[in-house]
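Taking it in order: structure first as structure tokens, then the write-up.
The values are calculated or read from the model by the stated rules, or taken from the named source; none is laboratory data. These numbers come from a predicted model, not from an experiment. Ideal geometry is used to build each Cβ from the backbone, glycine not excepted, and the neighbour counts take in all protein chains shown. Keep in mind that these areas ignore ligands, DNA and RNA; they rest on the heavy atoms of the full protein, side chains included. Shrake-Rupley method; radii C 1.70, N 1.55, O 1.52, S 1.80 Å.
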Amino acid sequence: MTRQAYIYVGDRADENFAVGMAGHIWGWKTFANGGQKVDEARAWLSEPDLTESTWLIFVRGIRAAPPVPSGWPRTRPEDFGAWTGATIQTVTCRLLAAPLHEDHVRQVWRDDQYPYRVNLDPETEEDLGPIRAADIAEDALRAIRHSAVQKGWPILGPPLFRANSVAPDRHIPAGAGRETVMRVIPLERNRTVTFERRPGESVTAVRREAGLVERYKAYLERHGLRAVRNEITLPGRLDTFFTDVYVEDVEELLEAKASSRREHIRLAIGQLCDYGRFVAPRSRAVLLPSRPEQDLIDLLATQNISCVYEAEEGHFIREDAAEEAAKGAGSGG
């Protein structure tokens with residue numbers, strides 16, 4: 001799961017921005033009187049689930065098309081139309097490495113203390129831009145505008161880009177008007193802004209997993225099968241999940257892992273159970289870089305989950321759940 005906190009950086013803050021990015025740190029002077037949205041972001045940053053991914057998305061150099069509204073970029077809500085025609089010069093994405101904390105001793109920036117601080121993952125930084133605001137998800141753009149109005153306080157929002165669907169959205173109702181949206185999207189190499197940090201996994205592991213998915217996609221295409229992904233947005237539009245592989249032709253959902261160790265397979269089982277509630281596949285499988293121990297293949301079979309592993313680069317072998325379950329039943333009889 002990923003969350004995004006959008007942060008507007010004023011044009012005059014270039015030196016502070018460079019120092020903060022180089023030192024893998026960001027800070028604010030105060031959080032007093034920020035309003036409900038700022039309070040929500042502060043609460044999440046103070047006690048995040050660090051087994052998930054929280055991206056701080058720094059936005060700089062917002063240029064409005066003329067006529068420029070008064071007070072730009074701190075505009076009134078009714079002037080939001082000017083934002084949709086704007087251009088953003090730079091978007092920098094950094095992964096949260098440590099919760100929001102206070103430091104009133106160590107000076108980082110020259111002009112003030114900025115004691116309310118977060119640490120940024122030194123391994124992750126992606127610079128995007130220039131970007132047309134029209135290409136950004138509307139609710140993400142509204143979060144950026146709100147941060148600009150609030151002089152750079154963080155605002156939680158949905159993913160920066162709305163992925164192009166390859167099929168109509170499926171709306172899954174829940175109580176009191178809350179609904180989950182399930183969208184089928186192209187299967188592409190993971191963008192940094194959608195990386196999903198899981199327990200025990202580094203950014204390197206996530207990228208290794210993405211490479212495994214790319215090779216499996218090519219393998220499927222050689223066999224005339226098409227693979228996509230699923231984007232699952234939960235009620236509130238702040239929590240978004242991305243499945244790894246969905247093979248449309250056979251309606252199979254796969255969860256990829258960078259390792260064939262037990263803890264990774266256990267996690268994959270839970271994710272397949274979770275995502276399967278919304279995708280409703282005919283079959284489920286775990287995609288692995290090598291064959292796991294037979295005991296783990298047996299474990300998967302008890303959950304009606306097949307095992308697909310890479311025997312050599314670009315060539316995959318399938319241990320089917322039904323066949324493994326039948327073997328187990330035969331040996332037990």
Quick note, the range 1-120: a/c under 1.5 would make it rounded; otherwise a/b > b/c is prolate and the rest oblate (a ≥ b ≥ c, C-alpha gyration tensor); here it is prolate
Please list, in order along the range 276-290, the HN-Hα scalar couplings obtained from phi with the Karplus expression 6.51 cos²θ - 1.76 cosθ + 1.60 (θ = phi - 60°), rounded to whole Hz, x for Gly and Pro.
x, 4, 9, 7, 6, x, 6, 8, 10, 8, 9, 9, 10, x, 7
Once the piece of chain linking Asp39 and Arg261 is laid out straight, how much longer is it, given 0.36 nm per residue of separation minus the C-alpha distance between them?
75.9 nm
Taking the full set of protein chains and a 1.4 angstrom probe, give the accessible area of His146 in square angstrom, rounded to the nearest 10.
50
Give me the percent of accessible area attributable to carbon and sulfur for the range 250-290, probe 1.4 angstrom.
49
Counting only the heavy atoms of the protein chains, how much of Thr51 is accessible to a 1.4 Å probe, in Å² to the nearest 10?
60
Roughly what would the spin-label model give for Trp109 and Arg226, points 7 Å off Cα along C-beta, in nm?
4.9
Set the Förster distance to 45 Å, then compute FRET efficiency between Glu293 and Thr87 from the Cβ-Cβ distance, nearest 0.05.
0.25
Round to a whole number: what % of the accessible area of the range 40-87 belongs to carbon and sulfur, probe 1.4 Å?
51
Where labels lie 7 Å past Cα in the beta-carbon direction, separation of Asp320 and Glu126 in nm:
3.8
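Starting from 0.36 nm per residue, how many nanometres of slack lie between Asp274 and Phe31 once their C-alpha separation is accounted for?
83.9 nm
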Per-residue HN-Hα couplings for the range 251-265, Karplus 6.51 cos²θ - 1.76 cosθ + 1.60 at θ = phi - 60°, whole Hz, x for Gly and Pro?
6, 10, 9, 10, 10, 8, 9, 7, 9, 9, 6, 4, 5, 6, 5
Candidate aspartates and glutamates - alpha carbon under 12 Å from Lys29, same-chain residues fewer than 8 apart omitted:
Glu102, Asp103, Asp111, Asp112
Through the Karplus equation 6.51 cos²θ - 1.76 cosθ + 1.60, θ set to phi - 60°, convert the phi angles of the range 133-141 into ³J(HN,Hα) values in whole Hz; use x for Gly and Pro.
4, 5, 8, 8, 4, 4, 5, 5, 5
Can you list the residues, at least 5 places off or on another chain, whose amide H is less than 5 Å from the amide H of Ile25, using H built in the peptide plane?
Leu120
If the chain between Val250 and Val19 were fully stretched, how many nm would it gain, using 0.36 nm times the residue separation less the Cα-Cα distance?
78.1 nm
